[in-house]
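Below is one structure; the comments refer to it alone.
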Amino acid sequence: MSEETIFSKIINGEIPSDIVYEDEHCVAIKDIAPKAPVHLLVIPRQPIPRLADAGPADRALLGHLMFAAAEIARQAGVDEAFRLIVNNGAGAGQTVFHLHLHILAGKDFSESQMGF
Ligand code: 5GP
């Protein structure tokens, strides 16, 4: 069992957040410090610390998160242009060690570098 993170507390309702989507496998919330006009986080209910910690048993969940991200982008009205980011490890900028996908949209990323 992983150590409880802020995202587990959000999923369990112990900490409030702006939830924009929920299904049996994941929850999507608005990022508290948005880096783009639309900045959502897709968080699996199951707390895998980093993408690199996912195992073969997590394959379907990882696919589900990608599929859900597209649906969440559609619901947010940004499915024509959005960026999906996973930071894996502190060296890549990960600060919350509960796997999550960033959906960023609403600004022009076409000329920008990979960072946000
Ligand atoms: P990471 O840096 O781990 O890839 O992303 C963590 C993200 O979680 C950051 O963009 C940060 O702003 C967001 N975040 C951290 N704490 C909270 C919180 O309590 N509520 C919400 N909604 N977002 C949070």
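Please treat every number below as a calculation from the coordinates, not as lab data. Computed from a predicted model, the values in this text were never measured in an experiment. We place every Cβ from the backbone using ideal geometry, glycine too, and count neighbours over all the protein chains shown.
Numbers for the structure displayed
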{"read-out": "Where labels lie 7 Å past Cα in the beta-carbon direction, separation of Glu71 and Asn88 in nm", "value": "2.5"}
{"read-out": "Degrees between helix 59-76 axis and first principal axis of the chain (Cα, 0 to 90, nearest 10)", "value": "40"}
{"read-out": "Normalised contact order of the chain, rounded percent, pairs of Cα under 8 Å and 6 or more residues apart", "value": "30"}
{"read-out": "Kirkwood Rh, Cα atoms: Rg over Rh of the chain", "value": "0.94"}
{"read-out": "Length released on extending from Lys9 to Leu61, taking residue separation times 0.36 nm less the Cα-Cα span", "value": "16.7 nm"}
{"read-out": "Gained length - Asp23 relative to Glu80, 0.36 nm times residue gap less alpha-carbon distance", "value": "18.2 nm"}
{"read-out": "Segment Arg45-Lys107, length gained on full extension (0.36 nm per residue, minus Cα span)", "value": "19.4 nm"}
